[in-house]
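A quick write-up on the structure given underneath.
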Amino acid sequence: LDHDSLRELVRWQLRQGSHGISTGGSTGEPSAQTTDERLTAITTVAQETNDTVPFLPATGAAHLQDTLHLTDHADRHGADAALIITPYYARPTQEALYRWYATIAGEFPHLPIVIYNVPSRTAVDIHPQTVARLRHAHDNIIGIKETTKDFEHFSRVLHLCGRDFLMWSGIELLCLPLLAIGGAGFVSAAANLAPATVARMYTAHTTGDHTTALDLHYALHPLVDLLFVETNPAPAKWVLHQRGLIASAHVRPPLITPTEPGIARINELLQLSEGLQ
């Protein structure tokens, strides 16, 4: 792992005004890393954030003991909460998902737990009723990162869990709409490339400047398209490398760095998003 680049990314994010740091989500390639590599990445980011902003490391894995190990490590290194993905590949039932999260919450009753729902990658969707059941049974299950394009799902979770339940969007073009129905914010892939713009969009909305928030939302469209020209995070890492913010654009197998046609499209979209920071 390139810890020097990781440290510089965190420093750059903080200089650009990001309101918090999350590591080890889908854009962080966790499934291509060993557990030990994920542990050291958490340590590096914890050292760099150093309690200056909230730190939300992703500590979920397909194996329960790995999840508990990663979560314990994050807890001991000062994480403000743990972001725990639904277990992937196995396609557990809703009852199994309830028991999974209940077990983790019970092991760390003092640590805030954020559920991470991303059915496009895990092949399982945690239903609003299951989220609500967990919320009401465990005080430390305090929120969810919703990465589903079903916007009704967002609303139903908040309705069942209560509007004090914290919800972050992981779908870029639903980040701003989520704020309108009471969401807490977003864990944004686009913020890897334009952190200042994403932070300004949030601030504009929360301070009542809805015109500016909408302007920034639509200005971000080309950058959002860029992220998914090929599988995320390959395009993002290619752009970060071109900007000199990381030492390499390499992504681990099974992903590959962007192809020539992909790079051509990325450059077209960069021109359309020129000026975003």
Can you pull the one-decimal nm distance between simple spin-label points at Arg121 and Asn50, each 7 Å off the Cα toward Cβ?
2.9 nm
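Heavy atoms only, probe 1.4 angstrom, no DNA, RNA or ligands counted: give me Ser22, Ser188 ranked by accessible area, highest first.
Ranked from most to least accessible, the order is Ser22, Ser188.
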Using the charge dipole of the range 210-276 (Lys, Arg: +1 at Cβ; Asp, Glu: -1 at Cβ; taken about the Cα centre), state which of Thr231, Leu270, Leu216 has its Cα farthest towards the positive end.
Thr231
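Once you have the alpha carbon radius of gyration of the range 210-276, what is it after dividing by 2.2 N^0.38 Å, with N set to its residue count? Numbers along the way, then the final one.
Values: Rg = 12.9 Å, N = 67, 2.2 N^0.38 = 10.9 Å.
So the range 210-276 has a normalised radius of gyration of 1.19.
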The range 1-71 and the range 88-132: distance between their alpha carbon centers, rounded to Å
20 Å
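Once R0 is set to 30 Å, what does the formula 1/(1 + (r/R0)^6) return for the Cβ-Cβ distance between Asp150 and Leu68, expressed as a FRET efficiency to the nearest 0.05? List each step's numbers first, then the result.
Values: r = 30 Å, r/R0 = 1.00.
After rounding, the FRET efficiency stands at 0.50.
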Expressed in square angstrom to the nearest 10, the accessible area of Phe228 with a 1.4 Å probe stands at 110 Å²
Just how large is the dipole of the chain about the Cα centre, in debye to the nearest 20, putting +1 at every Lys and Arg Cβ and -1 at every Asp and Glu Cβ?
240 debye
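Using just the Cα positions, wrap the chain in a convex hull and report its mean projected area in square nanometres, one decimal place. Please list the in-between numbers first.
Working: hull surface 53.7 nm².
Reported value for the Cα convex hull: 13.4 nm².
The values are calculated or read from the model by the stated rules, or taken from the named source; none is laboratory data. It should be emphasised that the depicted structure is a prediction, and the values quoted were computed from it without experimental measurement. Cβ coordinates were reconstructed from backbone atoms using ideal geometry, including for glycine residues, and neighbour counts include every protein chain displayed. Only protein heavy atoms, including side chains, enter the accessible area calculation; ligands, DNA and RNA are left aside. Shrake-Rupley method; radii C 1.70, N 1.55, O 1.52, S 1.80 Å.
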